[in-house]
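Reading through the structure tokens given below for one structure.
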Amino acid sequence: VQLQASGGGLVQAGGSLRLSCTASRMILSEYITYTMGWYRQAPGKERELVAIITTDNSVTYEESVKGRFTIFENNSKKTVYLQMNMLKPEDTGVYYCYAERLSTAYWGQGTLVTVSS
């Protein structure tokens, strides 16, 4: 399993970004069995869950991003997205794509999001 994340960048507070993460080295019938998600790590802090979407499309968000971020998938493209609106400086960090099945987790390389005030 390989995860390729993209879409990070520099944005002003109140702006938007969309992150994408495409899975490779797996076929579609395998992809749909994975829980997909996004974590982030701010400078000097632990990595934390931002959002996940399960195989039955149940979603979970970290409290501070509720109402601002949306996680969704395009299964045919084996891609999970994170739409981030109303960004705040505290959203700054490296965002990591995540895939999990049967207690085995895979991580993408991370994409940097910087929100200026």
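The values are calculated or read from the model by the stated rules, or taken from the named source; none is laboratory data. Fair warning: this is a prediction, and the values are worked out from it, not measured in the lab. Backbone-built Cβ (ideal geometry, glycine too); neighbour counts: all protein chains shown. Just the protein is used for accessible areas: all its heavy atoms, side chains included, with ligands, DNA and RNA removed. Shrake-Rupley method; radii C 1.70, N 1.55, O 1.52, S 1.80 Å.
Any residue at all in segment 25-46 that's assigned to a strand (DSSP E or B) and exposed (fewer than 13 other Cβ atoms within 10 Å of the Cβ)?
No: zero hits.
Got at least one residue in segment 58-70 being touching a Gly at 6+ places or on another chain (Cβ under 7 Å) and either open to solvent by less than 60 Å² (accessible area, probe 1.4 Å) or assigned to a helix (DSSP H, G or I) (or both)?
We begin by selecting, within segment 58-70, every residue touching a Gly at 6+ places or on another chain (Cβ under 7 Å); these are none.
No.
For segment 76-98, how many residues are closer than 17 Å to Gln2 by Cβ and not in a strand (DSSP E or B)?
Going through segment 76-98 one residue at a time, the tally reaches 2.
Quick check, is Asn74 open to solvent by less than 50 Å² (accessible area, probe 1.4 Å) and not aliphatic (A, V, I, L, M)?
Working: open to solvent by less than 50 Å² (accessible area, probe 1.4 Å): yes; not aliphatic (A, V, I, L, M): yes.
Criteria met by Asn74.
Among all residue pairs at least 6 apart or on different chains, which show Cβ distances below 7 Å where the first residue, located in segment 67-86, is more than 19 Å from Ile32 (Cβ to Cβ) and touching a residue at least 12 places away in the same chain (Cβ under 8 Å) and the second is open to solvent by less than 50 Å² (accessible area, probe 1.4 Å) and outside any strand (DSSP E or B)?
Short answer, once both residue conditions are applied: Met84/Arg68; Met84/Asp91; Asn85/Arg68; Met86/Arg68.
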